Structure formats: structure tokens, C-alpha cells
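The values are calculated or read from the model by the stated rules, or taken from the named source; none is laboratory data. The structure displayed is predicted, hence computed values, not measured ones. A quick note on method: Cβ atoms are made from the backbone with ideal geometry, for glycine too, and the neighbour counts reach across all protein chains shown. Heads up: the accessible areas ignore ligands, DNA and RNA and are worked out on the full protein's heavy atoms, side chains in. Shrake-Rupley method; radii C 1.70, N 1.55, O 1.52, S 1.80 Å.
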Amino acid sequence: MNRRVRSGPVSDPDPLAVIARLPGVPEAVDEARQAVDRLYRHRVLRRASPAVSTESSLRGARASAAAEGADVPLDALRRDEVHDPLVQGALRASAEMGRLGATWRRAPRQVLARLHAVAAAGLAPQEALGRPRTSDEAPDPLALGPAPGAADTAARMESLFDLLERPTKAPAVVLAAVVHAELAVLRPFGTADGVVARSAGRLTLVEYGLDPKSLVAVEVGHLELPYAEALRAYLEGSAEGVATWVQHCASAVTLGVRETTAICEAMQRG
């Protein structure tokens, strides 16, 4: 986690549970959980859950690319008319998530390397795909400020992996929020880091039980909200800033449920 928070909660046996208790977080997480529960009771999912997941993934990939400035029409994606490498990388990462779920809990390094390899193809040299950056500089598409140097980034990634290995009572939304934020602010690969961060966040929601069928278009929620502003709050390192980010992520889930519900309603109408 970010530096100022790490000096306190990470010494706790369950630092994510500390975050989960921050003011405003339990209520936001509970609202997101209830929204997902309502979605999973939708009658369309009895017969069309895979189709809904596929459409959600497509919309999520489009939104993830749009968050980096590559905003393209959804219909153009369906017609395979978009060849922008960032958009194509987001689509590949979205498709790859379904094959990486079982590996995420036991080998997160491997999963992140694979996500980067598919997301950054066409954006980074072949030899850099899936490899941590060695440069102390990284692109800043969200205007978050300079990324930590390569050595500091490697150390903080190790802290993140350590956090993933610890048992926690924190809800999946909290874990996903921390994974997403750390990858977004550290920019560990130096290309397509935002796509990797959002993919890892969604994968965490799936594999840690909130959205096991990968129905929620959470990336759409991030795009509708002040995404970069919430990440800057996280970067402040204060308890209030971290709580703001987690509440943002919970709200993104709730909005993502709204998007997926619209998909279900459209299918129901035929």
C-alpha cells in the first residue's frame, strides 16, 4: 500500500481489515454487496449468464481503454473496426482474465506478467512484455505525478504480494481496491499499467467471491466516476484518502451492476 498508510496498518496482522473499518467504507462496501446480490437474482441469468458476462467484459474493456484516453464506440468494437493497440490490449486482457482466475491466488506475479504481456503487445518491445520496468520513469496518463523509481516500485510490489498472501477478513472490494490502486500508482511495467490495474482489480472481485461469474462491468463504473481524482486521494496516504479510494471502488461496483442490469434487461426484451 502507499507509504504513509503502510507505516501503520501494514504492521497489523490483518491490515486490509483495518482499511475495511475506515469511516464510510463499511457502508459503501455493503451497498456494493447488496447491488451484486440483486443482480445475481435477475431471471435472465438463469439461462444467459455466459452471454451477459461476455457483454460485460466487452463493455469493461472499452471503458478501461477510455480511462487512458482511447475512447471508441462500443458498436465499432463489436464490428472489429478498432485497431488502436491500447484498445486491443484491453480486449485481450479482458479475454485472458477467464484463463487466469485459478492462478491469481497462488501466483499473482505470474498473472500480472501475463496480463501485461497481452495488454502491452504493440505498445512495448517484445522483450519488455511481462517484465518489470528498469527505468525510474514511467508514463503518467492520469496525471498522478511521478511514479516511484524502479527499486522502490519493486520493493512495494513485494509488499503487495505479501499482502495478498496474508489471510484477511476484509471484503473482496477492499482487497481489489488496494490491488488496483497500487498497480495504478506504481506503474510497475511502464506501459499499459492502467489496463493491468483495472484487470487485476476485476479479477480480484471475481476470485475473492464478490462476482464469481464476472458479470459486473466495474470498469464502466470507474469511467463514470472521478477516477484519477480518487487515485490522487489514495496517493495522499492518509486514512481519509484511502477511505475515499475504497468508497470510489465500491461505487464503481454499484454502477457496474447498473450497467450489467441494463444488459440483462436488453436481453430480456429480446
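Key figures for this structure:
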quantity: Glu137 being charged (D, E, K, R) and part of a helix (DSSP H, G or I); calculated: no
quantity: Out of Val246, Val196, Val185, sole residue that is over 29 Å from Thr54 (Cβ atoms) and outside any loop (DSSP other than H, G, I, E, B); calculated: Val185
quantity: Condition broken by Leu223, with the remaining ones in (1) under 18 Å from Trp104 (Cα atoms); (2) not in a loop (DSSP other than H, G, I, E, B) satisfied; calculated: (1)
quantity: Identity of the residue in region 8-60, among the charged types (D, E, K, R) and in contact (Cβ under 8 Å) with a residue 60 or more places away in the chain, that ends up nearest to Leu164 (Cα to Cα); calculated: Asp14
quantity: Subset of region 131-161 [open to solvent by 30 Å² or more (accessible area, probe 1.4 Å) and either of a type in the set (D, E, K, R) or touching a Lys or Arg at 6+ places or on another chain (Cβ under 8 Å) (or both)]; calculated: Arg131, Asp136, Glu137, Pro139, Asp140, Asp152, Glu158, Ser159
quantity: In region 250-262, the residues that are closer than 22 Å to Leu22 by Cα and open to solvent by less than 10 Å² (accessible area, probe 1.4 Å); calculated: Ala250, Ala252, Val253
quantity: Count of region 124-144 residues which are over 27 Å from Arg106 (Cβ atoms) and within 20 Å of the chain's Cα centre (by Cα); calculated: 7
quantity: Residue match in region 61-68 (condition: open to solvent by less than 40 Å² (accessible area, probe 1.4 Å), of a type in the set (A, V, I, L, M), modelled with pLDDT under 95 and part of a helix (DSSP H, G or I)); calculated: no
quantity: Residues of region 98-110 classified as more than 12 Å from Val206 (Cβ to Cβ) and in contact (Cβ under 8 Å) with a residue 12 or more places away in the chain, total; calculated: 2
quantity: Selection status of Val82, without any contact (Cβ under 8 Å) to a residue 12 or more places away in the chain, more than 23 Å from Ala228 (Cβ to Cβ) and open to solvent by 30 Å² or more (accessible area, probe 1.4 Å); calculated: no
quantity: Odd one out for Arg99, checked against (1) at pLDDT 95 or above; (2) assigned to a helix (DSSP H, G or I); (3) surrounded by fewer than 13 Cβ atoms within 10 Å (Cβ to Cβ); calculated: (1)
quantity: Scan of region 114-130 for residues that are assigned to a helix (DSSP H, G or I) and open to solvent by less than 20 Å² (accessible area, probe 1.4 Å), ordered by number; calculated: Leu115, His116, Val118, Ala119
quantity: Residues located in region 149-182, provided they are assigned to a loop (DSSP other than H, G, I, E, B) and either without any contact (Cβ under 8 Å) to a residue 40 or more places away in the chain or at positive phi (or both); calculated: Gly149
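Condition check ((1) open to solvent by less than 10 Å² (accessible area, probe 1.4 Å); (2) of a type in the set (S, T, N, Q); (3) over 23 Å from Ala150 (Cα atoms)) across all residues:
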| site | (1), (2), (3) |
| --- | --- |
| Val174 | yes, no, yes |
| Glu207 | no, no, yes |
| Pro212 | no, no, yes |
| Ala217 | yes, no, yes |
| Val220 | no, no, yes |
| Pro226 | no, no, yes |
| Leu235 | no, no, no |
| Trp245 | yes, no, yes |
